[in-house]
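Encoded as structure tokens, the structure appears first; notes follow it.
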Amino acid sequence: MNTNLNRRNWIKSSLALTAGLVATSSLTEKLMAAPVSHAEKIMLNQTSSLLNGAVRLNANENPYGPSEKAKAALLQLLSEGNRYPFAAMGEFKKLLAAKEGVAPEYIHLGAGSGELLCQTGVAFGLEGKSVMSSFPTFPMLMNYAEFMNATWQKINLNDALEHDYETMTSAITSDTKLIFVCNPNNPTGTLVDQMVVERFCEEASKKATVYADEAYLEFLEPSQQHSMVGLVKQGKNIIVSRTFSKIFGLAGLRVGYIVAHPDMIKRLAKYNDDFSISQTSLAAAKACIDDEDFMKLTRTKNAVARNVLTDYLDKKKIMYGKSVTNFVFFPAPKDGKTILTSMEQKGFLMRIWDYKNSEWCRVSIGTQDEMTRFIKAFDEIL
């Protein structure tokens, strides 16, 4: 198979999805940010409530953002919407570099983490090789790898719904080219002791490139936010990705970045689209990058609203992953299709995942009021 042709097709498919173009159902199933479960496949062609006021507890969005600072920056930059963002991107890289304690050459920007995951897969040319991750986890990179005829080494989570790093270590082979880790993990919301993760990343990076997804790191208190960027500074074979989509509330504006060794950045940047981030998106991200007040507000409100759901699950004696994020993962107490259909009829969107021959619910955390109404509706269908 022609690798260059494959990479062109990969880029085309990812750009089409990023632009919101219609994709075939099979391609959608392969490349969606979360795997389409059997229950969701049944509903794919049904009318969706996404645009008619349903409470969106299906995409891990921040119900409180963007912040006031971000919105003000957006309005201010509208008058410069006629300009390309070249200078703004350079300035923003310097800000991110200062925040991460690295030189600007260690920073690579993308339109959200999805574009960066795609570029990583393209840059590595995974055909005939394998990419390893825990399962379930955020699967976009692995979906792209399979689309390019690579093998996905899936390592099941442990009983606490956490990454099993000991099993992952023993499963690395000579064909393992990339290792994907996500801490805290999506869809389970669980956190593994970050020193355990660091030891794994340091050792595993001697055998393969490690991609550390830290999309939800800011949901931890600042004293608990232990990034793998420190290993990048030591010259380890590690890529760290961060996003402004989650706690910063900029999911619709699409801003993400990678921290990696400059040689790795050059490798990834070959497949970069210089026009993927707008002036306004960069202005919003710049305005909230150090907005500790807004992050604290989100963490506090999210914890209160999350407790509404977990208290309900405790009452019903339904186990769940110990979430530190803005979503909770638990076994579906009824068949997934019934849950999805009934909850949509009641005005709530959520996710169903397939794992270990069972169906699991992933519910994003909305406001306290939304979660109170959600558990009432959920209880009615049980």
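The values are calculated or read from the model by the stated rules, or taken from the named source; none is laboratory data. On a predicted model such as this, the values are computed, not experimentally measured, just so you know. Counting neighbours? That spans all protein chains shown, and the Cβs are built from the backbone with ideal geometry, glycine included. Each accessible area value is taken on the protein alone, full model and side chains, heavy atoms only, with ligands, DNA and RNA left out. Shrake-Rupley method; radii C 1.70, N 1.55, O 1.52, S 1.80 Å.
With respect to being under 18 Å from GLY112 (Cα atoms), at pLDDT 55 or above and either not β-branched (Val, Ile, Thr) or not in a helix (DSSP H, G or I) (or both), ASN45 falls outside the description. Tallying residues that are within 14 Å of PRO85 (Cα to Cα) and either at pLDDT 90 or above or part of a helix (DSSP H, G or I) (or both) within the stretch 255-295 yields 9. For the stretch 74-95, the set of residues classified as within 20 Å of GLY110 (Cβ to Cβ) and in a helix (DSSP H, G or I) consists of LEU74, LEU77, PHE86, ALA87, ALA88, MET89, GLY90, GLU91, PHE92, LYS93, LYS94, LEU95, listed by residue number. Just give me the residues in the stretch 252-267 being open to solvent by less than 40 Å² (accessible area, probe 1.4 Å) and under 19 Å from the mean Cα position of the chain (by Cα), in sequence order. Passing the criteria: VAL255, GLY256, TYR257, ILE258, VAL259, ALA260. If I ask for residues that are out of contact with any helix residue (DSSP H, G or I) (no Cβ under 7 Å at 6 or more places or on another chain), among the hydrophobic types (A, V, I, L, M, F, W, C) and surrounded by 20 or more Cβ atoms within 10 Å (Cβ to Cβ), which ones from the stretch 215-228 would you list? Selection gives LEU217 alone.
Can you tell me which residue within the stretch 299-333, out of those that are out of contact with any helix residue (DSSP H, G or I) (no Cβ under 8 Å at 6 or more places or on another chain) and polar (S, T, N, Q), is least open to solvent (accessible area, probe 1.4 Å)? Ranking the candidates gives THR310 first.
Output yes when any residue across the stretch 229-238 is closer than 24 Å to GLY321 by Cα and either open to solvent by less than 10 Å² (accessible area, probe 1.4 Å) or outside any strand (DSSP E or B) (or both), and no when none is. No: the stretch 229-238 contains no residue that is closer than 24 Å to GLY321 by Cα and either open to solvent by less than 10 Å² (accessible area, probe 1.4 Å) or outside any strand (DSSP E or B) (or both).
Which of (1) of a type outside the set (Asp, Glu); (2) more than 23 Å from GLU68 (Cβ to Cβ); (3) in contact with a Phe, Trp or Tyr (Cβ under 9 Å, 6 or more places away or on another chain); (4) open to solvent by 50 Å² or more (accessible area, probe 1.4 Å) does LYS286 not meet, given it meets every other one? Only one criterion is unmet by LYS286, namely (2).
Restricting attention to the stretch 337-382, the residues that are part of a loop (DSSP other than H, G, I, E, B) and in contact with a His (Cβ under 7 Å, 6 or more places away or on another chain) total 0. Scanning the stretch 137-193 for residues that are on the phi > 0 side of the Ramachandran plot and either in contact with a His (Cβ under 7 Å, 6 or more places away or on another chain) or aliphatic (A, V, I, L, M) (or both) yields a total of 1. Among the conditions (1) outside any helix (DSSP H, G or I); (2) open to solvent by 10 Å² or more (accessible area, probe 1.4 Å); (3) among the hydroxyl-bearing types (Ser, Thr, Tyr), THR188 misses just one, which is (2).
Looking only at residues in the stretch 86-122 that are open to solvent by less than 10 Å² (accessible area, probe 1.4 Å) and modelled with pLDDT under 85, the one that is farthest from VAL240 (Cα to Cα) is VAL122.
Looking across VAL210, VAL196, one residue alone is closer than 20 Å to TYR144 by Cβ, without any contact (Cβ under 8 Å) to a residue 40 or more places away in the chain and of a type in the set (Val, Ile, Thr). It is VAL210. Name the single residue, out of those in the stretch 123-137 being open to solvent by 10 Å² or more (accessible area, probe 1.4 Å), modelled with pLDDT of 80 or more and in a loop (DSSP other than H, G, I, E, B), that is farthest from MET89 (Cα to Cα). Checked the stretch 123-137; the qualifying residue farthest from MET89 (Cα to Cα) is GLY128.
Is the stretch 81-99 home to any residue that is under 18 Å from TYR257 (Cα atoms), within 23 Å of the chain's Cα centre (by Cα) and small (Gly, Ala, Ser)? Checked against the condition, which is being under 18 Å from TYR257 (Cα atoms), within 23 Å of the chain's Cα centre (by Cα) and small (Gly, Ala, Ser), the stretch 81-99 yields at least one hit. Here LYS334 meets each of (1) part of a loop (DSSP other than H, G, I, E, B); (2) more than 18 Å from ILE42 (Cβ to Cβ) with one exception, condition (2). Residue pairs whose Cβ atoms lie under 6 Å apart, separated by 6 or more positions or on different chains, with the first residue in the stretch 298-316 and in contact (Cβ under 8 Å) with a residue 60 or more places away in the chain and the second of a type in the set (A, V, I, L, M) and open to solvent by 10 Å² or more (accessible area, probe 1.4 Å), are TYR312/ILE375. Would you check which residues across the stretch 156-176 are surrounded by fewer than 21 Cβ atoms within 10 Å (Cβ to Cβ) and closer than 18 Å to ALA208 by Cα and list them? Selection gives ASP164, GLU166, THR167, MET168, THR169, SER170, ALA171, ILE172, THR173, SER174, ASP175, THR176.
Only a single criterion out of (1) in a loop (DSSP other than H, G, I, E, B); (2) among the small types (Gly, Ala, Ser); (3) in contact (Cβ under 8 Å) with a residue 60 or more places away in the chain; (4) farther than 19 Å from SER227 by Cα is not satisfied by SER174, namely (3).
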